[in-house]
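The values are calculated or read from the model by the stated rules, or taken from the named source; none is laboratory data. Owing to the predicted nature of the structure, the values given are computational and were not obtained by experimental measurement. Using ideal geometry, Cβ is built from the backbone for each residue, glycine included, and neighbour counts are taken over all protein chains shown.
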Amino acid sequence: MNSINSERFEKMWEELVPASGNASSLAGEMIRAAGRLRHDFYNNGMGNNTSGALNFLREKGAIDKELHEYVLPYTTGRLYEGRYENDLFHVAIDRIVEITSRFIAFNPQLIVIENTEDMFDYTEDDLDETCQECSGYGYDDYGDEDCYMCDGTGFVSQ
């Protein structure tokens, strides 16, 4: 994320996100959600359940379906094991932060719209089953039998 976008996000964070709890404006809750994803990526390797933040941003139109579906598997129990050196997932997280702050900048009415929700209301269950083939946490809670990491083959596609 370039410094202009980073500065815009940080300014929005300071102005719109409270020290604790959900934000009073829709824009504030969106910035809070993007910040949660960024924080968990850089500080915890996506080790926490951040699906609510991602789903909230998708529901409110800040991010598109493709970006949502790419990041979602890492938000409910799949740890990021990349290099943090501008690989695709790293870029995706930075892009979510950038897109969210731009979305708000282009839709300033979001700053005055009262927020009646909490991003955590959109949280999905953690993954809890381990794939027998690749030992990854690749099963979901939707009844699919194949692991999304290896499609049941044991070969993880990255």
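Could you list, in sequence order, the residues of segment 80-106 that are free of Cβ contacts under 8 Å to residues at least 60 places away in the same chain and more than 13 Å from the chain's Cα centre (by Cα)?
81, 82, 83, 84, 85, 86, 87, 88, 106
State which residue is surrounded by the fewest Cβ atoms within 10 Å (Cβ to Cβ) when the search covers only segment 42-65 and only residues that are small (Gly, Ala, Ser) and outside any loop (DSSP other than H, G, I, E, B). Talk me through it step by step, then tell me what you get.
In the first step, residues of segment 42-65 are kept if they are small (Gly, Ala, Ser); the result is 45, 47, 51-53, 61-62.
Now narrow it down to the ones that are outside any loop (DSSP other than H, G, I, E, B): 51-53.
Details: 51: 23, 52: 19, 53: 28.
Among them, the one singled out is 52.
Test each condition in (1) surrounded by 18 or more Cβ atoms within 10 Å (Cβ to Cβ); (2) polar (S, T, N, Q); (3) at pLDDT 95 or above for residue 76 and report the one that comes out false.
(3)
For residue 124, are the conditions met, namely being assigned to a helix (DSSP H, G or I), within 13 Å of the chain's Cα centre (by Cα) and among the charged types (D, E, K, R)? Give the steps one after another, and end with the answer.
On the way: assigned to a helix (DSSP H, G or I): no; within 13 Å of the chain's Cα centre (by Cα): yes; among the charged types (D, E, K, R): yes.
Criteria not met by residue 124.
When you check residue 83 against the structure, is it farther than 29 Å from residue 112 by Cβ, assigned by TED's automatic domain parsing to the domain that holds residue 98 and not aliphatic (A, V, I, L, M), yes or no?
So residue 83 passes the test.
Residue 27 passes all but one of (1) within 25 Å of residue 87 (Cβ to Cβ); (2) small (Gly, Ala, Ser); (3) touching a helix residue (DSSP H, G or I) at 6+ places or on another chain (Cβ under 6 Å); which number fails?
(1)
Have a look at 146, 121 and point out the one that is farther than 18 Å from residue 39 by Cβ, acidic (Asp, Glu), at pLDDT below 75 and surrounded by fewer than 18 Cβ atoms within 10 Å (Cβ to Cβ).
On the way: 121 fails: at pLDDT below 75.
From the options 146, 121, the qualifying one is 146.
So in segment 79-93, with the set limited to residues that are among the aliphatic types (A, V, I, L, M) and more than 19 Å from residue 123 (Cβ to Cβ), which one is surrounded by the most Cβ atoms within 10 Å (Cβ to Cβ)? Break it down into steps so the answer makes sense when it comes.
Taking segment 79-93 first, the residues among the aliphatic types (A, V, I, L, M) are 79, 88, 91-93.
With the extra rule that they be more than 19 Å from residue 123 (Cβ to Cβ), the set shrinks to 88, 91-92.
Details: 88: 9, 91: 12, 92: 18.
Among them, the one singled out is 92.
Could you identify the single residue in 68, 39 that is surrounded by 13 or more Cβ atoms within 10 Å (Cβ to Cβ), free of Cβ contacts under 8 Å to residues at least 40 places away in the same chain and within 18 Å of residue 126 (Cα to Cα)? If you could, list the steps in order and put the result at the bottom.
Values: 39 fails: within 18 Å of residue 126 (Cα to Cα).
Only one candidate passes the filter, namely 68.
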